[in-house]
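First comes the structure, then the notes that go with it.
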Amino acid sequence: MSAIWFGKVDLAAMNAPSDDINTLLDVRMEEYGDDWITASMPVDKRTHQPYGILHGGASVVLAESLGSIASYLCIDSSQFYCVGLEVNANHLKAVKSGRVTAIARPFHLGRTTHVWDIRLSNEAGALTCIARLTMAVVPLKNAG
């Protein structure tokens, strides 16, 4: 199988600090292969809900951030951009501390949509959340 990525994957550039939610929550792009990419996020006061466990919304932020970046890496960004259409998640296991790691793999990479399977695991490797993200691939001439 050939790689699904349109160009070079630059993890260092993706992890450069910026004024966005990924920097705020310390989301880090970690590794990639021909048809997958991973990112991790801490489970701490920034991502806890009132009971001291990982907030479901924070899990969704990690899933949507990773899937969005994955879609961007699959397109010619001089001609297209990607935006989220739908995200859903099932939270399977509570996490109190450490880091969760997500892996994204495509279900579908079409001309106008991408659909991603994103699975989050705790540091012991136990599955904590499964998510599906649908992205629209939009021609730049339609931007704005």
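The values are calculated or read from the model by the stated rules, or taken from the named source; none is laboratory data. Since we're looking at a predicted model, the values are computed, not measured. Heads up, the Cβs are rebuilt from the backbone with ideal geometry, glycines too, and the neighbour counts pull from every protein chain shown. Just the protein is used for accessible areas: all its heavy atoms, side chains included, with ligands, DNA and RNA removed. Shrake-Rupley method; radii C 1.70, N 1.55, O 1.52, S 1.80 Å.
Would you work out which of Met14, Val27, Pro42 lies farthest towards the positive end of the dipole of the range 1-55? Charges go on Cβ: Lys and Arg +1, Asp and Glu -1.
Pro42
Efficiency by 1/(1 + (r/R0)^6): what FRET value for Asp35 and Lys96, r their Cβ-Cβ distance, R0 = 41 Å, to the nearest 0.05?
0.80
If you roll a 1.4 angstrom probe over the protein chains with everything in place, what fraction of the accessible area of the chain belongs to carbon and sulfur, to the nearest %?
Ligands and nucleic acids excluded, carbon and sulfur give 53 percent.
Under a crude label model (7 Å from the Cα following the beta-carbon direction), how far is Arg46 from Ala126 in nanometres?
Between Arg46 and Ala126, the label points sit 2.5 nm apart.
Find which of Leu85, Ser65, Gly52 sits farthest along the positive direction of the dipole of the range 52-124, computed with +1 on the beta-carbon of Lys and Arg, -1 on that of Asp and Glu, about the Cα centre.
Gly52
How would Thr112, Thr47, Thr134 rank on accessible area, largest to smallest, probe 1.4 Å?
So, going from the largest accessible area down, we get Thr112, Thr134, Thr47.
With charges set only on the Cβ (+1 for Lys and Arg, -1 for Asp and Glu), what does the dipole of the chain come to about its Cα centre, in debye to the nearest 20?
The dipole of the chain has a size of about 300 debye.
By what distance, in whole Å, do the Cα atoms of the chain stretch along each of the three principal axes, largest value first?
46, 32, 26
Between helix 56-73 and the chain, what is the angle of the helix's C-alpha long axis to the longest principal axis, kept within 0 to 90° and rounded to the nearest 10?
Its long axis makes an angle of about 20 degrees.
Where Lys and Arg each count +1 and Asp and Glu each count -1, what net charge lies around Val61 among other residues with Cβ under 12 Å from its Cβ?
-2
Where only protein heavy atoms count, and the probe is 1.4 Å, what is the accessible area per residue for the chain in Å²?
55
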